[in-house]
Amino acid sequence: MKKRQVIERVSSQAEEDRAQPRLTRADWLEKALEVLIESGVDAVRITRLAELLGVTRGSFYWHFEDRNELLEAMLDVWEQSNTASIIRAATLPHTLQDRILPLFMCWLDPELFDPLLDFAVRDWARGDARLQAIIATSNQQRMEALVATFAAHGFPQQQAVIRAHNIYYIQMGY
């Protein structure tokens, strides 16, 4: 092969490499959440994620200071999707049906509420007292929103609490 052909081949390969989209923080976070769901928090390791994404560990450090920052970001996703979706649906205005139907839709749409992520985070918390407290707060916020839904529509407090617990525990499976 002539030198010019080698230069062109090497140059075109470099251009193809540069044309590949660079990984974003979201790419790392999405892969970490997948690994959490499939294998648990102990499997969420920088080296493993890099292998799965086909990049070096160095790429990770462009987006996260360390593994702890990644884990915190994973918790933020859980709180801002799963918990926030329930609260948002339960606090919609108007009739009880206008709140309950979106709440059920929330539990049926994994883009709004990911049950596998919820189970994975709860499993992760088994060995982490700080995370157990975060989950307890989340459960409390979710329950308060559901109780408020029933109370706003004329149910006495005790009935509102019972109905909220029934819906929550039946849907969540806890």
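Short-range pairs are left out: with C-alpha atoms under 8 Å and at least six residues apart, the relative contact order of the chain is 18 percent. A simple spin-label model places the labels of T56 and R126 3.8 nm from each other, with each point 7 Å out along Cα-to-Cβ.
Of the GluC sites (Glu not before Pro) found in the stretch 18-81, those that fall in a DSSP loop while having at most 11 other beta-carbon atoms within 10 Å are E65.
Placing +1 on the Cβ of every Lys and Arg and -1 on the Cβ of every Asp and Glu, with nothing else charged, gives the chain a dipole about its Cα centre of roughly 340 debye. Can you tell me the orientation of helix 115-124 relative to the chain, as the angle in degrees between its alpha-carbon axis and the longest Cα principal axis, to the nearest 10? Relative to the chain, helix 115-124 is tipped by roughly 80 degrees.
The residue list L33, Q97, T149 was ranked by how far each Cα lies along the charge dipole of the chain toward its positive end, using unit charges on Cβ atoms, and L33 comes out on top. Taking the longest Cα principal axis of the chain as reference, the axis of helix 129-151 is set at about 50 degrees. Each of I86, I46 has some number of other Cβ atoms within 10 Å of its Cβ, and from fewest to most they run I46, I86.
Between the helical axis of 157-172 and the longest alpha-carbon principal axis of the chain there is an angle of about 30 degrees. One chain, two ends: E72 and H165. Fully extended at 0.36 nm per residue, the span grows by 30.6 nm beyond their Cα-Cα distance.
We did not get these values from a lab; they are worked out from the coordinates using the rules stated. As the structure is a prediction and not an experimental result, all values here were calculated from the model. Using ideal geometry, Cβ is built from the backbone for each residue, glycine included, and neighbour counts are taken over all protein chains shown.
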